[in-house]
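Undergrad: Mind having a look at this structure? Questions to follow.
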Amino acid sequence: MVGYDGSEFFFILKIQHKFVPTLLKQNSPSAIVNLGSKEGITTPPGNVGYSVSKAAIKVLTEQLAHELREISNHQVTAHLLVPGYTWTPMNFPNADFSQPNQKPDAPWSTKELMHFFEKSLLNDDFYIVGLDNEVTAEIDERRMEWSIGDIINNRPALSRWHRKYKDEFNEFLSQ
């Protein structure tokens, strides 16, 4: 966790604490959308601070969505946007975004992500898990299913990356 202080999670927590009461008092629809990550769901090894922060944001948003559902007479919803692999400065720090033709094939553009997001939000989806041109929704779902299976099946933590379970995971993924 060197170099990462989890401030993103605490920032979101503080902002929600400040604005949710105001949103609940207004007479118009509003949506709280927190930015998650697939790394906060499947928690691959190697980027601990980021994975922990994104997992915390996922849980915070799930809890907020539940609490909002239990309160009557308001129009506030909560959603978790998980963008996936997207052509952004975070993923491509040296890219020239003024040249859209330089976008690699695999990541979605921000425009593609926002189109998907808008459709999902209008559908009142809570988990808005973006796609890309490299990993299908089915593969994402299988990876998530395997991750929760570590708990259900009492496998070692992060068994997907454990040499003993690597072949079993690949077989599971191909089913």
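Undergrad: Looking at S120, is it surrounded by fewer than 17 Cβ atoms within 10 Å (Cβ to Cβ) and small (G, A, S)?
TA: It is false that S120 is surrounded by fewer than 17 Cβ atoms within 10 Å (Cβ to Cβ) and small (G, A, S).
Undergrad: Do the conditions hold for L68, that is, is it surrounded by 14 or more Cβ atoms within 10 Å (Cβ to Cβ) and farther than 23 Å from I139 by Cβ? Before you say what the answer is, go through the steps one by one.
TA: On the way: surrounded by 14 or more Cβ atoms within 10 Å (Cβ to Cβ): yes; farther than 23 Å from I139 by Cβ: yes.
Criteria met by L68.
Undergrad: As an exercise: evaluate T110 against (1) surrounded by 10 or more Cβ atoms within 10 Å (Cβ to Cβ); (2) touching a residue at least 40 places away in the same chain (Cβ under 8 Å) and give the number of the one condition it does not meet.
TA: Result: T110 fails condition (2) only.
Undergrad: Give the residues of the range 108-150 that are within 15 Å of S37 (Cα to Cα), of a type outside the set (V, I, T) and in contact with a helix residue (DSSP H, G or I) (Cβ under 9 Å, 6 or more places away or on another chain), sorted by residue number.
TA: Scanning the range 108-150 gives W108, F126, Y127, G130, L131, D132, D140, R143, M144, S147.
Undergrad: Can you pull out every residue in the range 75-92 that is part of a loop (DSSP other than H, G, I, E, B) and surrounded by 15 or more Cβ atoms within 10 Å (Cβ to Cβ)? Spell out the reasoning first.
TA: Let us first name the residues in the range 75-92 that are part of a loop (DSSP other than H, G, I, E, B), namely 75, 83-85, 87-92.
Hits for the range 75-92 are P83, G84, Y85, W87, T88, F92.
Undergrad: Do we have A95 as farther than 26 Å from D150 by Cα, in contact with a Phe, Trp or Tyr (Cβ under 8 Å, 6 or more places away or on another chain), part of a strand (DSSP E or B) and small (G, A, S) here?
TA: Details: farther than 26 Å from D150 by Cα: yes; in contact with a Phe, Trp or Tyr (Cβ under 8 Å, 6 or more places away or on another chain): yes; part of a strand (DSSP E or B): no; small (G, A, S): yes.
Spelling it out, it is not the case that A95 is farther than 26 Å from D150 by Cα, in contact with a Phe, Trp or Tyr (Cβ under 8 Å, 6 or more places away or on another chain), part of a strand (DSSP E or B) and small (G, A, S).
Undergrad: Suppose the filter is at pLDDT 95 or above and outside any helix (DSSP H, G or I); does R143 pass it? Can you show your working first?
TA: Details: at pLDDT 95 or above: yes; outside any helix (DSSP H, G or I): no.
For R143, the condition - at pLDDT 95 or above and outside any helix (DSSP H, G or I) - is not met.
Undergrad: With the requirement that a residue be within 16 Å of the chain's Cα centre (by Cα), among the hydroxyl-bearing types (S, T, Y) and not in a helix (DSSP H, G or I), what does the range 108-140 give you?
TA: Y127, T136
Undergrad: Additional query: Working only within the range 133-148, note down all residues that are farther than 30 Å from K103 by Cα, exposed (fewer than 14 other Cβ atoms within 10 Å of the Cβ) and not aliphatic (A, V, I, L, M). Write out each step before concluding.
TA: Narrowing the range 133-148 to residues farther than 30 Å from K103 by Cα: 145-148.
Right, trim to exposed (fewer than 14 other Cβ atoms within 10 Å of the Cβ) and you get 145, 148.
Matches in the range 133-148: E145 only.
Undergrad: Is it fair to say S98 is at pLDDT 95 or above and out of contact with any Cys (no Cβ under 9 Å at 6 or more places or on another chain)?
TA: Judged against the criteria, S98 is not a match.
Undergrad: Would it be correct to say that K14 is more than 23 Å from E141 (Cα to Cα) and surrounded by fewer than 13 Cβ atoms within 10 Å (Cβ to Cβ)? If you could, list the steps in order and put the result at the bottom.
TA: Numbers: more than 23 Å from E141 (Cα to Cα): yes; surrounded by fewer than 13 Cβ atoms within 10 Å (Cβ to Cβ): yes.
For K14, the condition - more than 23 Å from E141 (Cα to Cα) and surrounded by fewer than 13 Cβ atoms within 10 Å (Cβ to Cβ) - is met.
Undergrad: Looking only at the range 21-63, how many residues end up being assigned to a helix (DSSP H, G or I) and buried (at least 17 other Cβ atoms within 10 Å of the Cβ)? Before the answer, list the steps.
TA: Our first condition is that a residue be assigned to a helix (DSSP H, G or I); within the range 21-63, this holds for 21-25, 39-42, 48-63.
Filter once more, so that each one left must be buried (at least 17 other Cβ atoms within 10 Å of the Cβ): 23, 39-42, 50-58, 60-61.
Residues that pass the stated criteria total 16.
Undergrad: Scan the range 149-160 residue by residue and report those that are part of a helix (DSSP H, G or I), more than 20 Å from the chain's Cα centre (by Cα) and surrounded by 14 or more Cβ atoms within 10 Å (Cβ to Cβ).
TA: Answer for the range 149-160, where residues must be part of a helix (DSSP H, G or I), more than 20 Å from the chain's Cα centre (by Cα) and surrounded by 14 or more Cβ atoms within 10 Å (Cβ to Cβ): just S159.
The values are calculated or read from the model by the stated rules, or taken from the named source; none is laboratory data. These figures come from a predicted structure and were not determined experimentally. Counting neighbours? That spans all protein chains shown, and the Cβs are built from the backbone with ideal geometry, glycine included.
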